[in-house]
Amino acid sequence: MQIMRILSTLLLHLLISVPIQSQETLKLDSIDMVVEITVNNDIVYTHRLEEKETLYSLSRFFRTPVQDLMQVNNIKTGKTISIGQEIKVPINNQIIDMSIDNPGKEWIPVVYIVKRRETLFKISHVYFPQAIQELINRNNISSFSLKEGQKLIVGWWPIQNTDNEQEKEDISKEDILTKLISDLESLIDLEKPVKQDSIQSSVTDSIPLIAVKNDSLMHLDSIAFTSSKGIAFWNKEGSDFENLFVMHNNARENSYIKLRNPVNGKVVVAKVIMPIPEQIYTEDIDIVITPAVAKNLGALDSRFRIEMDYYE
């Protein structure tokens with residue numbers, strides 16, 4: 001009985017996913033694709049339905065199953081959708097190209113509007129994974145801090161026709177059956193019991209990798225420790241009074257740096273998130289810090305002398 005239920009579900013999924021005739025033209029509300037982040041850090045785009053648009057055309061354009069659109073928008077089977085209705089579309093992060101600056105007319109910019117106290121680090125590491133430098137270059141950012149309401153191009157979405165000759169061909173019953181059997185065998189394999197010793201081996205093998213990834217000070221024999229003095233800079237108009245982040249050209253990225261204000265003796269340990277962007281700050285600046293770091297160091301001026309201990 002369990003196998004028959006799985007078989008029926010897979011068959012329904014395959015029949016729904018079979019392409020029909022041709023893809024309708026989809027019109028975005030603006031030239032930008034402005035997305036939002038949910039409380040679960042999922043990416044969502046809200047689309048207003050135009051004439052002749054369907055859930056199917058949305059699913060094809062945004063590469064997401066119709067079933068997901070129905071579930072997210074609480075649309076029941078057989079329910080009518082109308083022109084002007086807003087449809088929330090879950091966006092697959094992996095389809096957004098974040099490695100290019102301006103790819104051309106076959107791509108549209110994916111835009112995110114900065115919320116209060118959000119940082120470059122959070123946006124580039126949690127929401128839209130990419131190098132902070134790419135985000136800075138793409139948006140000509142000249143300050144370490146972001147402003148509420150600031151628009152950022154976080155990547156590009158492909159708008160070329162997703163139909164190809166293979167998709168336009170009719171799928172035979174034999175093809176469906178073959179795929180169905182393959183998927184069914186995969187499910188059966190997943191339900192097979194796994195030996196306890198194989199689980200233990202898998203976990204044990206992964207521990208060293210996790211340790212090296214999460215501890216930037218591992219293998220100290222290959223990392224040089226440096227103490228130096230220099231000039232620190234922070235933006236007095238910045239809003240990040242929560243994250244202890246710095247930019248430094250020589251300190252190892254994702255490691256921690258110990259900072260000391262020689263004027264008052266205050267010390268703080270901060271995280272190095274990236275090198276200092278080129279052509280934004282003057283060459284005499286050795287480290288750029290967030291307002292949170294400056295506050296903990298008791299810094300009054302935007303530029304001040306600093307003592308640093310870090311790993312290269």
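The values are calculated or read from the model by the stated rules, or taken from the named source; none is laboratory data. Values in this document were obtained by computation on a predicted structure and should not be read as measured data. Quick reminder, even Gly has a Cβ in these numbers, built from the backbone with ideal geometry, and neighbours come from all protein chains shown. In case anyone asks, the SASA skips ligands and DNA or RNA and just uses the protein heavy atoms, side chains included. Shrake-Rupley method; radii C 1.70, N 1.55, O 1.52, S 1.80 Å.
Near K266, the amide H atoms lying under 5 Å from its own belong to N261; only residues 5 or more places off or on other chains count, and H is placed 1.01 Å from N. Computed from backbone phi with θ = phi - 60° and the Karplus coefficients 6.51, -1.76 and 1.60, the 3J(HN,Hα) list for the stretch 241-252 is 9, 10, 9, 8, 10, 9, 10, 8, 7, 10, 5, 5 Hz; x is used for glycine and proline. Here the 3J(HN,Hα) profile of the stretch 232-237, calculated from phi with Karplus coefficients 6.51, -1.76 and 1.60 at θ = phi - 60°, is 9, 9, 9, 8, 5, 8 Hz, Gly and Pro shown as x.
Among the trypsin sites (Lys or Arg not before Pro) in the stretch 59-118, those located in a DSSP loop and surrounded by at most 15 other Cβ atoms within 10 Å of their own Cβ are R63, K76, K79, K105, K115, R116, R117.
Each label was represented as a point 7 Å from its Cα along the Cα-to-Cβ direction; for R303 and E106 these points are 4.8 nm apart.
3J(HN,Hα) couplings calculated from phi for the stretch 67-82 with the Karplus curve 6.51 cos²θ - 1.76 cosθ + 1.60 (θ = phi - 60°) are, in sequence order, 4, 5, 4, 5, 5, 4, 9, 6, 9, 7, 4, x, 6, 7, 10, 10 Hz; Gly and Pro show x.
Surface composition of the stretch 224-300: carbon and sulfur atoms hold 48% of the protein heavy-atom accessible area at a 1.4 Å probe. Amide H contacts under 5 Å for F304: A232, restricted to partners 5 or more places along the chain or on a different chain, H placed in the peptide plane at 1.01 Å from N.
Within the stretch 28-108, the GluC sites (Glu not before Pro) that combine a DSSP coil assignment with at most 16 other C-beta atoms in a 10 angstrom radius are E50, E51, E106. Label separation (V66 vs D42): 2.0 nm, computed from points 7 Å beyond Cα along the C-beta direction. Residues within the reach of a label modelled at N264 (point 7 angstrom out along Cα to beta-carbon, backbone nitrogen below 16 Å), restricted to the stretch 270-311, are 290-307.
Do the alpha carbons of any pairs in K147/K271; K115/K271; K76/K151; K52/K76; K105/K151 sit beyond 26 Å of each other, and which pairs? In this structure, K76/K151 exceed 26 Å between Cα atoms.
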